[in-house]
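Values in this text are rule-based calculations from the coordinates and carry no lab data. It should be emphasised that the depicted structure is a prediction, and the values quoted were computed from it without experimental measurement. Note that we place each Cβ from the backbone using ideal geometry, even for glycine, and neighbour counts take in every protein chain shown.
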Amino acid sequence: MSAILHRKTDTVPPAVAQADGLWVTDSDGRRYLDAVSGGAAVSAIGHRDERVRDAILRQFDAVSYAHGSFFTSEPAEELAAYLVGKAPAGLSKVVFCSGGSEAVETALKLARQYWVERGEPGRGKIIARRQSYHGATLGALSVGGNLPRRALYEPLLFEAELIAPCYAYRERREDETERDYGLRAAAELEDAILRLGPETVAAFIAEPVVVGATLGCAPAVDGYLSEVRAICDRYGVLLILDEIMCGSGRTGYRFAFEEDGVVPDIVTVAKGLGGGFVPMGATLVHDRIADAIAAGSGALAHGFTYMGHALACAAALAVQRAVDEDGLVAAAAASGTALRRMLEASLGQHRHVGDIRGRGLFIGIELVADRETKAPFDPAAKLHAVVKASAMENGLMIYPSGGTIDGRAGDHILLAPALNAREDELAEIVARLGRSLDAALETLK
Amino acid sequence: MKAAGRLDDLREAYVRNHPESCARHERAQAWMPGGNTRSVLHFDPFPLVIASGRADMLTDVDGYEYIDCAGEFSAGLYGHSDPVIVAALHEVLDNGLVLSGPNTAESELAELLCRRFPSLERLRFCNSGTEANLFALLTAIDATGRKRVLVFEDAYHGGVLTFAGGGSPMNVPFDFVTASFNDIESARASVKRHEDDLAAILVEPLLGAAGNIPAEAAFLAMLREEATRCGAVLIFDEVKTSRLGRAGLQGHYGIVPDMTTLGKNISARACPLAHSAARGP
């Protein structure tokens, strides 16, 4: 019996006992190859790291926590400076928190405060995208476009305007280039702004590569985000890019949006930031927001208890230094290419693999019943759940999800191994994945 | 020297082990120049003569079995004995030959293909990829009232449309000019130089015979833009590449030519079938 209200009330998952690199061991001694960085693109430098351990112990011996209304701390200051040092010019201030959902709450509240400070209190609406996911807290869920995750809480959520995601596999027509498709998808933002009235819109929030859990790593196509940036500029709408899952080096760029050549007004990061050693999140803001607050009320209207937690910041700083010391951003690009090549070779012609997509080591595999028509499997079969169970039996941690297409139908698998995964480990992931997928499909027959 | 000796040994063994192929090749030489009619199938000292095929296996006349990795030079998508295809062919044969009228299947096939490829509004069938390319070029020449055709170095569009090594004496005597594949600036300059006389631009979106070199998307986009600007007909030869996506490579790139030629894969080489297709004016 467990005293925890587990995710499924009739099942207690295996207990994790120990982990090292990409290998996780449960309390029964079973070993799993971790193809998804602790389960959700978190453990970006693998499990265990001496440098992070030393940094945590050093900080523990000094001080772990003091509230931000009394003190700042050396690790918090150093980490903030480190993050803005790696960010494009303009993104110059950081607000810390304990995870991605909190980072999104912070971003939304900052966007709102910005407009009030600027003397445009009428700007309070947020535009977001269908099939997006920005977090589990009520504000983040309100701007999330994934129906099943919101449905239960609908009465508690605020209303956000939802536009189409950038989902080339299903939305690009065969007579338009990726770029033309991207421009068409981005035009929905302009339509939405005009529909609502630009003077009422505070911000647009999107993920450069959509969260693995909902849309399976659908990346912005060439030209999409620069068009989005131009539209936001035209109407003075703030651009919030959510890099909680795709950021921190995972796509082969420190920030995924660097590949798109845009600079957002606000960025959320988490997951890989603390690398799973500590709960950690951050919201990076552009000068124009920090300056507006400084020139206005001069006070951040928002705060959390654990904002800038000294021990968590020390750990995250050690993780980010390890990423750079070990050259893991470049490694993610190279390993991402290698993993894609292996997946294409192994599953590219699989009759139930419709699309292999993503960037760097953030890869989605969309499963279809029929490649020709792109028809999904019957949602009632819960293929994604069967694949997950089958992978766990084969000693492989992956992150399959359902509802890929519209929140109801569609199945995909997310792969997001640690940025320092070795080539032989990637090959083993692909081998175990192929076996797990075929075994899962066998049970549907 | 050691390698050359080894090669001689292998050649001798090959001749020794394939007496029936050798004999048939000698007999064929009496009636066919070089003993063959499809040069690509020939190699020295003589090619294997194939007796039969089943699934992905071939058997030669000397009784040796091979795994077929040539796949009829990209056309044999379904192997040598797919039961669905074999049954359909039997059904056709049982219905009688040379019927001298439109048949019951052609418009249905035309519809399936038109629905699949964005450039296909209507199409005509013919017998091979070579023939499809010839019809497409002649149509473009007639429609534009111009004569010149831009093709690309090392391209292969059929036995009479071969542009490797400066062309072939067997090429049809059209007014060809060549440019270099994937070289955006020089190809654009070629179009500009000839634009008043240019009837067509004929390009494979993946240069097959030159070693499967994919076109850069920007290169194809430039050809699309230039063809539209100067009124030349942009023809995609998707004889080989139609197998690379449900709408061929035009669907992959999202770039729509004015005409498309198909062959090989659409019939999976069960019988000759090809066509040129075009968008309306």
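Taking label positions 7 Å along the Cα-Cβ direction at both B:Ser39 and A:Asp10, the computed distance is 7.1 nm, reported to one decimal. Note on region A:231-325: Rg/Rh from C-alpha atoms, Kirkwood Rh, equals 1.01.
Which of the aspartates and glutamates could be linked to A:Lys374 by a straight reach, that is with a Cα gap under 12 Å, when you skip same-chain ones fewer than 8 residues away? Of all the aspartates and glutamates, those that pass the test against A:Lys374 - Cα under 12 Å, at least 8 places apart if same chain - are A:Glu171, A:Asp355, A:Glu366, A:Asp411. Centre-to-centre, using Cα atoms only, region A:144-171 and region A:397-413 are separated by 15 Å. The 3J(HN,Hα) values that the Karplus relation (6.51, -1.76, 1.60; θ = phi - 60°) gives for region B:212-219 are, in residue order, 6, 9, x, 5, 6, 4, 5, 5 Hz. Gly and Pro appear as x. Here, region A:52-325 has an Rg and a Dmax of 18.4, 63 Å when only alpha carbons are counted. When DSSP beta bridges are restricted to pairs lying wholly in the protein assembly as shown, around 65% turn out antiparallel.
Every Cα-Cα pair of region A:352-401 was included, and the share exceeding 17 Å stands at 43 percent. Computed over the alpha-carbon atoms, region A:334-443 gives an Rg to Rh ratio of 0.94, Rh here being the Kirkwood radius from the mean inverse distance. As a proxy for reagent exposure, ranking A:Tyr65, A:Tyr133, B:Tyr78 by other Cβ atoms within 10 Å from fewest up yields A:Tyr65, B:Tyr78, A:Tyr133. Which entries in A:Lys388/A:Lys445; A:Lys382/B:Lys240; A:Lys125/A:Lys388; A:Lys93/A:Lys125; A:Lys8/A:Lys125; A:Lys109/A:Lys388 show an alpha-carbon gap greater than 27 Å? The pairs that break the limit, which is 27 Å between Cα atoms, are A:Lys382/B:Lys240; A:Lys125/A:Lys388; A:Lys8/A:Lys125; A:Lys109/A:Lys388. Positive end of the dipole of chain A (Cβ unit charges, origin at the Cα centre): among A:Pro400, A:Tyr169, A:Gly124, the Cα lying farthest that way belongs to A:Pro400. Gap in Å between the Cα centre of region B:95-113 and the Cα centre of region A:194-263? Taking the Cα centre of region B:95-113 as reference, the centre of region A:194-263 is 52 Å away.
Using only helices, what value at 222 nm comes out for the protein assembly as shown when you add -39,500 (n - 2.57) per DSSP H run of length 4 or more and divide by the total residues, to the nearest 500 deg cm²/dmol?
Roughly -11500 deg cm²/dmol at 222 nm, from the helical runs in the protein assembly as shown.
Here the mean projected area of the convex hull built on the C-alpha positions of region B:2-69 is 5.4 nm².
Express the Stokes-Einstein translational diffusion coefficient of region B:140-218 in µm² s⁻¹, to the nearest whole number, given a Kirkwood radius over alpha-carbon pairs, 10 °C and a viscosity of 1.306 mPa s.
Diffusion coefficient, whole number: 123 µm²/s.
Each of B:Ala218, B:Asn127, B:Val191 was placed along the dipole of chain B (beta-carbon charges, centred on the mean Cα), and the one lying farthest toward the positive end is B:Val191.
Each principal axis of the Cα atoms in the protein assembly as shown has its own extent, and those three values, largest first, are 101, 63, 57 angstrom.
Note on chain B: GNM, Cα springs under 10 Å; of B:Lys264, B:Lys147, B:Lys240, the largest mean-square fluctuation is that of B:Lys147.
Per residue of peptide A:163-174, the mean number of Cβ atoms on other chains within 10 Å of the residue Cβ is 2. Of all DSSP-defined beta bridges confined to chain B, some 55% are antiparallel rather than parallel. Within 10 Å of the Cβ of each residue in B:115-123, the mean number of Cβ atoms contributed by other protein chains is 1. Comparing A:Gly216, A:Gly261, A:Gly252 in a Gaussian network model of chain A, where Cα atoms under 10 Å apart are tied by springs, the biggest mean-square fluctuation is seen for A:Gly261. Work out which GluC sites (Glu not before Pro) in chain A are exposed loop sites (DSSP not H, G, I, E or B, at most 14 other Cβ within 10 Å) and give the longest gap free of them. No qualifying site falls inside A:160-371, the longest such stretch. Only the Cβ atoms of Lys and Arg (+1) and of Asp and Glu (-1) were treated as charged; on that basis the dipole of chain B about its Cα centre amounts to roughly 360 debye. Could you work out the percent of alpha carbon pairs in chain B separated by over 36 Å, rounded to a whole number? So the pairs more than 36 Å apart make up 25 percent of the total in chain B.
Find how many whole Å separate the alpha carbon centroid of region A:291-313 from the alpha carbon centroid of region B:137-207. Using only Cα atoms to place each centre, the spacing works out to 65 Å. Dipole check for region A:191-256: with +1 at the C-beta of Lys and Arg, -1 at the C-beta of Asp and Glu, and the Cα centre as origin, the magnitude is about 120 Debye. Result for chain B in a Gaussian network model with C-alpha springs under 10 Å: among B:Thr241, B:Thr261, B:Thr228, the largest mean-square fluctuation is at B:Thr228.
Could you point to the residue in A:Val201, A:Ala294, A:Ala151 farthest towards the positive end of region A:52-325's charge dipole, with +1 and -1 charges on the Cβ of Lys/Arg and Asp/Glu respectively? Value: A:Ala151. Taken about its Cα centre, chain A carries a charge dipole of roughly 620 debye when the Cβ of each Lys and Arg holds +1 and the Cβ of each Asp and Glu holds -1. With the convex hull drawn around the C-alpha atoms of region B:183-254, the volume per residue stands at 87 Å³. Amide H to amide H, with H built 1.01 Å from N, B:Leu234 comes under 5 Å of B:Ile201, B:Asp258, B:Met259, counting only residues 5 or more places away or on other chains.
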